[in-house]
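This report refers to the structure that appears directly beneath it.
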Amino acid sequence: MIKVCSFCGNNNFSEKEVQYTYKHDDNILIVDNVPCEQCEYCGEQYFKAKVLKKIEEEFNQIYFHGKRTKKEIKVPVEKYVEL
Ligand SMILES: [Zn+2]
């Protein structure tokens with residue numbers, strides 16, 4: 001799919017399943033087991049456009065159409081100056 005890594009120029013990739021965090025404004029969707037190709041040298045992850053589109057559609061289903069997910073987590077939020 002990809003010939004060279006645009007960050008380091010390496011051309012060896014391995015297929016992985018990773019956790020992907022989609023964020024839009026202050027809304028977050030975490031998706032597990034997302035397929036990607038990862039650069040074996042610098043670790044940069046590359047996702048296919050159709051994969052990202054599917055995640056974006058799911059995000060819209062959840063935040064704009066009220067779809068319920070099987071799992072939800074609470075995420076703490078801090079301001080750096082208050083640490
Ligand atoms: Zn790389």
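In segment 35-44, the count of residues that are more than 11 Å from the ligand (Cβ to nearest atom) and modelled with pLDDT of 95 or more is one or more. Residues in segment 12-30 that are part of a strand (DSSP E or B) and within 12 Å of the ligand (Cβ to nearest atom) were compared, and the one that is farthest from Thr69 (Cα to Cα) is Phe13.
Of all residues in segment 44-59, those that are outside any strand (DSSP E or B) have Cβ atoms under 8 Å from Cβ atoms of residues that are aromatic (Phe, Trp, Tyr), 6 or more apart or on another chain, in Glu44/Phe7; Phe47/Tyr20; Ile55/Tyr20; Ile55/Tyr22; Glu56/Tyr22; Phe59/Tyr22. Apart from one condition, Gly9 fits all of (1) within 16 Å of the ligand (Cβ to nearest atom); (2) in contact (Cβ under 8 Å) with a residue 12 or more places away in the chain; the exception is (2).
State which residue is nearest to the chain's Cα centre (by Cα) when the search covers only segment 60-83 and only residues that are part of a loop (DSSP other than H, G, I, E, B) and surrounded by 10 or more Cβ atoms within 10 Å (Cβ to Cβ).
Within segment 60-83, the first condition is being part of a loop (DSSP other than H, G, I, E, B), and the residues that meet it are 66-79, 83.
Narrowing further to those that are surrounded by 10 or more Cβ atoms within 10 Å (Cβ to Cβ): 67, 69.
Numbers: Lys67: 19, Thr69: 17 Å.
Per the stated criteria, the residue is Thr69.
Can Gln45 be described as loosely packed, with under 10 Cβ neighbours inside 10 Å and under 11 Å from the mean Cα position of the chain (by Cα)? Talk me through it step by step, then tell me what you get.
Numbers: loosely packed, with under 10 Cβ neighbours inside 10 Å: no; under 11 Å from the mean Cα position of the chain (by Cα): yes.
Criteria not met by Gln45.
The values are calculated or read from the model by the stated rules, or taken from the named source; none is laboratory data. All values reported here derive from a predicted model rather than from experimental measurement. Don't worry about glycine lacking a Cβ; one is built from the backbone with ideal geometry, like all the others, and counts go over all protein chains shown.
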